[in-house]
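I'd like to ask you about the structure that follows.
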Amino acid sequence: MSHVLSQAAPVNRSDARLPEVGLPERNNPVEAIVVNKIRLNGRGSEKYTYHVELELPSDQIAYEPGDSVGIIPANHKSLVSEIIHLLRETPETPVIFGNSSGSLGNVLTNEVELTKLTRENLESYRQFSRDKALNELSQDLNKTSALLQGCTWADLLRLFPGRINAGEFLAIARPIQPRLYSISSSARAYPGEVHITVRQVSYNLHGKEHFGICSTYLADLPETEDRVRIFFETNEVFRLPSDDTDIIMIGPGTGVAPFRAFMQEREDREASGKNWLFFGDWRFTTDFLYQTEWQDWHKKSLLHRIDLAFSRDQKQKIYVQHRLVEKSRDLFKWIENGAKIYVCGDMKNMAQDVNKAFVDIISREGGISVEKAQEYLKTMRKQKRYLEDVY
Amino acid sequence: MSTNKDYNFFGMEDTRKQEVPLTEVEHIKENSRFLRGTIDESLIDNITGALRAADTHLIKFHGSYQQSDRDVESERKKQKLEPLYSFMIRIRVPGGIASPSQFLRIIELGDVYGNGTVKLTSRQAFQLHGVFKHNLKQTIRKINDTLLDTIAACGDVNRNVMCNPLSELSGIHNEVYTDAVRTSIHLTPHTKAYHEIWLDKQLVANTRDEDEEPIYGKTYLPRKFKMAFAIPPDNDVDIYANDLGFIAIKDQGQLAGYNVVVGGGMGMTFGNADTYPRIASNIGFIPKEMVLRVSEEVVKIQRDNGNRSDRKLARLKYTIDRLGLDWFINELQKRLGFQLQPWRPFTFTSNSDRYGWSRTTSGLWHLALFIEGGRIWDSNALQLKKALVEIALIHNGDFRLTGNQNLVIANISSSTKPRITAILNRYGINQASVFTGMRINSLACVALNTCPLAFAEAERYLPSLIDKLEEILKENGLEKESISIRMTGCPNGCARPYIAEIGLVGKSIGHYNLYLGGNTTGSRINVLYRETLNEQQIIGALSPIFKSFSQERIKNEPFGDFVIRRGIVSEES
């Protein structure tokens, strides 16, 4: 679950217990040590989701549940060598990129964004390529968007060959972009540590296997003792409410990450509000992320309710929004009682389906029209009672 | 005489009342409302693949054990995943006879809901393995659609009733088989819980009042109860390992009745001298009409007198040894209201299967196939499952499960015979005769990775141990010698290792106790020869014995008799 960084919000610490220490921001990342890395999916799963525990240089770094951590990744060896090959260069070629210099291999690995291309990248590259198709394509906004989707520099250089050398390439490429992950730990529960939950992204494009840069970088890290450059980004909106407020958490897949932090925090604070989780993934036996932890919280009556949707355990696909509708009466009671709703995960489909499910629930259980229900939900959003961390 | 109203957990008479507290399982049964417990709630609790603790005991009575894949236990713990729970489902096949369509359906259910294999058990049942909780209900429902069922396949009740699968030549097989089925039906629990939970039959308004168990009562038996019918000279059901056995006795070609044997059982517990395997005792002869009454009264004696404070001492064999065989016979006669007759002579010749082709009196054919470990599956080397499915599709006779985990394709017509032979040849399914005598006389329980009781491997390991032993047998010219070898992963004895000529009982991963001296009719308990041996030590211990056996045996002397005659082990009195 990564998304390219937006502008960092100002830090405003509200927690009184922990001393106020500035969080390492984007401009001054710190080195964290990987102390544990576990694949969360059981044997036989098609998914590769990793739980990564990082040790921070200080246990005074007091991020809050809902915050994100930025990871500055390195590019994959195979991608770097393919680009060097396509540029007809060698890895040892000395180059300069912005303020840094070094061998082409090192610079491409650590400094240059190779997997997420912008329109500007494409436009700049067009002059080096004599490819007619690329020229035509760049006139069409829809086609360029489609091309840029998942496209790496290697794809572009291979599909539309052009005369471009290393220096020219580095002049039009942009610096490597950090990836943000919703933190899956509470600094109260794990001082000096930050946990992330990352699913390795891989997809087939232009006849080649592609890997998400950061998820692969993390997945390939040795299980311990490697160092990662990280920083924090606060999220002033996606915050736990007062301790006595009930919360409804909807986080399928890695969207469950911040809710693990929420539960750790609420357990540590002995918060009296009730907690209800909706989680979903492919298969119960292998893809129930953090299963034993949810079970423990459920047993201790800290997680009051948990509903699960495993889409591939039966013929018809069942998703979290279906479970929401099944539980509409109780959900509406919780909402009317002041519960806050949190949605984390996929923006394109899940967030909209969940939104629609809540409109249905409010309309049905509140006995009001769909329009009125939409307004009801809009008001909840305004009151920051319906919060999303989607990407 | 005890009735349903006056019996209690401790025994019928106050003088026998034990002051020791009941086991937890007794309380679970007592409070289960005739085996319902909270199974229906456990099934829909989808945060876990397991049942609630109490329900894991009750589910056994419904024919299923909760297990977990022990191969992945530690890695899943690290992955923050609970153990990989799944369910073994045992399908009762009284007397071991199933139709081709039932056979096909069971294989298919194993493919769709199980781990793609079907195990033929040592008690003529089918077992599916690896069924996840969310598929359990529909699997059991679909089993019932085939007119087979799973109720009382496990649990503290009378389980699958065994019967020699191939005794057509005796002329009385059909009658004995019918008695086995009738007994099975007679002793099936009456509770409607099974139908409610698995078949969605309407819940009876006040189940507590409606249900009753005229034979068992609401706490059922203190422990499992095993029953078998044998037709001499075949003892492939291992009658002496059963709580209750009926040995068919012929008179002028007709079934006259049965010799009754009671108190057999294999299980023991390491380090507990009060536990032991026991050969069933012959208590007398009954006319065939009395078989249901006798089975019911034996069950009731055990119900009223079995130990309900220690499950390790709860089988009928311990009840009999505690109260005395004479007491038992008297009690049985008192309850029956008639005397047992003196037992009648008979001879068992073998507890092995009759492999290969045989012709029935009606001109049909049987083919008894050796199924290693009783496991029907497709490996890279052998596509046994595919072959059997093809056969089942054209076969118009029936299938028979043997007590030795093997399969008989029975009542093959002369026109189908060449087609079945062709399928077997095409898939390279060998007749038993190509294997060594040891391999076709091998039995192994499931053990790791799914049996929660296992200390060591059995089914997954025994074939490769036999590979190595075969080399030594060949060196000594013993490869065709029928030597029974049975391995279990724990001392509970599911593969009946204590009556094998060579018994191997798992103590810890890679280590086994070696027992020697069982006989070829299953009527003698073997003797512990060496403890805690690894593979090399097992081979090292057996090699010199094989050698001297090949050189010093008396003509046709079985291996188990030889080791006793030569004093390698001494028969226990």
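Can you confirm whether the stretch A:34-45 contains a residue that is surrounded by fewer than 16 Cβ atoms within 10 Å (Cβ to Cβ), more than 30 Å from residue A:239 (Cα to Cα) and either within 14 Å of chain B (Cβ to nearest Cβ) or at pLDDT 95 or above (or both)?
Yes, the stretch A:34-45 contains a residue that is surrounded by fewer than 16 Cβ atoms within 10 Å (Cβ to Cβ), more than 30 Å from residue A:239 (Cα to Cα) and either within 14 Å of chain B (Cβ to nearest Cβ) or at pLDDT 95 or above (or both).
Looking only at the stretch A:60-100, count every residue that is out of contact with any strand residue (DSSP E or B) (no Cβ under 8 Å at 6 or more places or on another chain), surrounded by fewer than 19 Cβ atoms within 10 Å (Cβ to Cβ) and of a type in the set (D, E, K, R) and tell me the total.
3
Another question about this same structure. Here's a check for you: in the stretch A:4-33, which residue that is outside any loop (DSSP other than H, G, I, E, B) and within 25 Å of residue A:239 (Cα to Cα) is modelled with the lowest pLDDT?
Among them, the one singled out is A:4.
Another one. May I ask you to verify whether residue A:304 is in the same structural domain as residue A:256 (by TED's automatic domain parsing) and within 25 Å of the chain's Cα centre (by Cα)?
On the way: in the same structural domain as residue A:256 (by TED's automatic domain parsing): yes; within 25 Å of the chain's Cα centre (by Cα): no.
Judged against the criteria, residue A:304 is not a match.
Against the conditions (1) within 12 Å of chain B (Cβ to nearest Cβ); (2) in contact with a Lys or Arg (Cβ under 8 Å, 6 or more places away or on another chain), where does residue A:321 fall short? Just the number, please.
Result: residue A:321 fails condition (1) only.
Assuming residue B:108 fulfils every condition listed in (1) open to solvent by 30 Å² or more (accessible area, probe 1.4 Å); (2) within 14 Å of chain A (Cβ to nearest Cβ) apart from one, which condition is it?
The single condition residue B:108 does not satisfy is (2).
Of all residues being open to solvent by 10 Å² or more (accessible area, probe 1.4 Å) and more than 17 Å from residue B:390 (Cβ to Cβ) in the stretch B:91-105, which is nearest to the other protein chains (Cβ to nearest Cβ)? Just the residue, please.
Taking the candidates together, the pick is B:92.
Report yes if some residue within the stretch B:136-159 is in contact with a Phe, Trp or Tyr (Cβ under 7 Å, 6 or more places away or on another chain), assigned to a strand (DSSP E or B) and not β-branched (Val, Ile, Thr); otherwise report no.
yes
So, one more: Within the stretch B:45-68, count every residue that is in contact with a helix residue (DSSP H, G or I) (Cβ under 7 Å, 6 or more places away or on another chain), open to solvent by 10 Å² or more (accessible area, probe 1.4 Å) and farther than 24 Å from residue A:283 by Cα.
2
If you check every pair at least six apart or on different chains, which have Cβ atoms under 8 Å apart with a residue in the stretch A:283-312 that is at the interface with chain B (Cβ under 9 Å from one of its Cβ atoms) first and a residue that is among the small types (Gly, Ala, Ser) and part of a strand (DSSP E or B) second?
Note: pairs meeting the criteria are A:308/A:280; A:310/A:280.
Within the stretch A:206-241, track down each residue that is open to solvent by 20 Å² or more (accessible area, probe 1.4 Å) and under 28 Å from residue A:149 (Cα atoms).
A:206, A:207, A:208, A:209, A:211, A:217, A:220, A:229, A:233, A:235
Closer than 17 Å to residue A:342 by Cβ, touching an Asp or Glu at 6+ places or on another chain (Cβ under 8 Å) and not assigned by TED's automatic domain parsing to the domain that holds residue A:384, is that true of residue A:239?
yes
If you take the residues of the stretch B:1-32 that are open to solvent by 90 Å² or more (accessible area, probe 1.4 Å) and closer than 15 Å to residue B:212 by Cα, which of them is modelled with the lowest pLDDT?
B:5
Continuing with the same structure: Taking the stretch B:378-409 on its own, how many of its residues are under 23 Å from residue B:359 (Cβ atoms) and either in a loop (DSSP other than H, G, I, E, B) or β-branched (Val, Ile, Thr) (or both)?
The number of residues fulfilling the criteria is 11.
The values are calculated or read from the model by the stated rules, or taken from the named source; none is laboratory data. These numbers were taken from a predicted model, which means no experiment stands behind them. Here the Cβ is made from the backbone with ideal geometry for all residues, glycine too, and neighbour counts use every protein chain on show. We work out accessible area using only protein heavy atoms, side chains counted, and drop any ligands, DNA or RNA first. Shrake-Rupley method; radii C 1.70, N 1.55, O 1.52, S 1.80 Å.
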